[in-house]
Amino acid sequence: MKESLFSSPASKPVSAYVHIPFCHHHCGYCNFTLIAGRNELIDAYLDALALDLESLRAPRLVSTIFVGGGTPSLLDARQTERLFDLLQTWFPGTGVREVSIEVNPNDVTREKASLWKSFGVNRVSVGGQSFQADKLKILERNHSPEQLRDSLVVLQEMFPRVSLDLIFGAPHETLEGWKYDLDSATELGISHLSTYGLTFDKGSRFWSMREKGILEAVDEELELKMYQLARQQLMNAGFDHYEVSNFARNSEHCLHNETYWNGGSYWAFGAGAAYFVDGRRGVKHRSTTTYIKRLMRGESPIAEEQVLTEEQVLRERFVFGMRKLRGVELSWLEFAHFPELKQAMQTQIERHVAEGWMEYDQGRVKLTEAGLWISDSLWPHYF
Ligand code: SF4
């Protein structure tokens, strides 16, 4: 089907996201919605999640389900069964192409992996971050390089698709260290990699440590070299760089994330989970305890919701689409009802093409190599 802004109606969700906020401990760089060391809340959380899912009113057909966190692999067998029973009730199997779960290496056992598989999981995303013991320690990860390797071997034996997250630019990291991480992943035969530069988000412990001079970020020039090295090395190893931070072999793109990048609609359940349904963009309460309490009291778990105008939807879909390396079709700019928007977008694109951040390519516009690195600073110009 020809790709167009209107080919996946915003009113019809094609994906579902479920957030499991529990973690073994709180890694210093992390600013996600999570709660560490409070496993006694998991059963109450699943009760709340069941109530949150009831807002669907009837079972729905989706093509992708993503169970993210937090650390979903932390759930024990009984809790995992309860979670997936809920998902199978509300999102029956017909038409589901991809069921992903995020896991921590030190949770992976053959027993747990078999359980995930028995519930239709066909893609596992591993929060590995590095194969270097000293870097894992700095990042405050609680797994060893050996645990990461072992978990990847088991998961690759048992699942058709395994993805690995790697972080670059950790304090004191060298280009050689980063090369070792990339080499280790490719040697293990990983077919999907997500690479992220370490960020010091306000509110995270790393942010305060950097403010106090306890931690130092690597300089930006080195970080750029690391990104370029990942691109060069992974593309040489047969990976397709298909999104700013994502690389896949054998076209094993993450279908769930493609819903986001294609501007599709998706439901989301759980603390801090963000959804986009019927042109409404919203987020559930970020505090796990507030999320549980509100649902138990029969109140809405929604913290914020905004109804987007059609014009806002178009702007967002352009920006999300541009995260993909193939960019977007220029025919997307034929916004029949919005001549002023079309003119403004075209002018801005031409400016970014002239500045070397974007380029035209066979009826499409896409980021250039230079544009990839600074892409986050380009997007505000389109809103
Ligand atoms: S990085 Fe992952 S494991 Fe660490 S605290 Fe954040 S969600 Fe939990």
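The values are calculated or read from the model by the stated rules, or taken from the named source; none is laboratory data. What you are looking at is a predicted structure, and each value in this text was computed from that prediction instead of being measured. Cβ sites come from the backbone with ideal geometry, for glycine too, and all protein chains shown count toward neighbours. Accessible surface areas use protein heavy atoms only, side chains included; no ligands, DNA or RNA. Shrake-Rupley method; radii C 1.70, N 1.55, O 1.52, S 1.80 Å.
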Q | Distant alpha-carbon pairs in region 150-238 (separation over 23 angstrom), percent | A | 34
Q) If you build a Gaussian network model of the chain, linking Cα atoms that sit under 10 Å apart, which residue out of Lys284, Lys112, Lys225 swings the most? A) Lys225
Q. Points 7 angstrom from Cα along the Cβ direction at Leu56 and Glu140: gap in nanometres?
A. 3.5
Q.
Please compute the per residue accessible area over the chain with all protein chains in place, 1.4 Å probe, rounded to a whole number of Å².
A. 45
Q: Pull out a ≥ b ≥ c, the square roots of the eigenvalues of the alpha-carbon gyration tensor of region 236-383, then state rounded if a/c is under 1.5, prolate if not and a/b is larger than b/c, and oblate in the remaining case.
A: oblate
Q | Label-point separation, Arg78 to Thr94 (7 Å along Cα→Cβ), nm | A | 3.4
**Q.** Amide H contacts under 5 Å for Val126, placed H, 5+ residues apart
**A.** Val103, Ser163, Leu164, Asp165
Q: Sort region 309-383 into rounded, prolate or oblate with this rule: let a ≥ b ≥ c be the square roots of the eigenvalues of the Cα gyration tensor; rounded if a/c is under 1.5, and if a/c is not under 1.5, prolate when a/b is larger than b/c, oblate otherwise.
A: prolate
(Q) Counting only other residues whose beta carbon sits under 12 Å from that of Val218, what net charge do I get with K and R as +1, D and E as -1? (A) -3
Q) Which percentage, to the nearest 5, of the DSSP beta bridges contained in the chain is antiparallel? A) 45
Q) Tell me, what % of the accessible area of region 309-383 is carbon and sulfur with a 1.4 angstrom probe? A) 52
Q) Among the lysines, which have Cα under 28 Å from the Cα of Lys366 when same-chain residues fewer than 8 positions away are ignored? A) Lys2, Lys12, Lys179, Lys225, Lys324, Lys342
(Q) Leaving out ligands, DNA and RNA, and with a 1.4 Å probe, what % of the accessible surface on region 138-294 is carbon or sulfur? (A) 49
Q: Pairs of Cα atoms under 8 Å, at least six residues apart: use those to get the relative contact order of region 7-155, whole percent.
A: 23
Q. Once every DSSP H run of n ≥ 4 in the chain is given -39500 (n - 2.57) and the sum is divided by its residues, what mean residue ellipticity at 222 nm do you get, rounded to the nearest 500 deg cm²/dmol?
A. -11500 deg cm²/dmol
Q) What percent does the relative contact order of region 309-383 come to when contacts are Cα pairs within less than 8 Å and at least six residues apart? A) 34
Q. Lys/Arg Cβ at +1, Asp/Glu Cβ at -1, dipole of region 66-219 taken about the Cα centre: which of Ser125, Met158, Leu75 is farthest positive-ward?
A. Leu75
Q. Using the alpha-carbon centroid of each, what span in Å lies between region 279-304 and region 21-46?
A. 17
Q) Ignoring the sites themselves, what is the longest stretch of the chain with no GluC sites (Glu not before Pro) in a DSSP loop and at most 16 other beta-carbon atoms within 10 Å? A) 4-139
Q | Charge dipole magnitude, Cβ of K and R +1, D and E -1 - region 309-383, Cα centre, debye nearest 20 | A | 180
**Q.** Contour minus Cα-Cα distance for Arg210 and Ala344 (0.36 nm per residue)
**A.** 44.3 nm
**Q.** Separation in nanometres of the label points that stand 7 Å from Cα toward Cβ, at Lys179 and Arg110
**A.** 3.8
Q. For the chain, modelled as a GNM with alpha-carbon contacts under 10 angstrom, which of Ala16, Ala248, Ala237 fluctuates the most?
A. Ala237
**Q.** Contact order relative to length of the chain, as percent, for alpha carbon pairs under 8 angstrom and 6 or more apart
**A.** 17
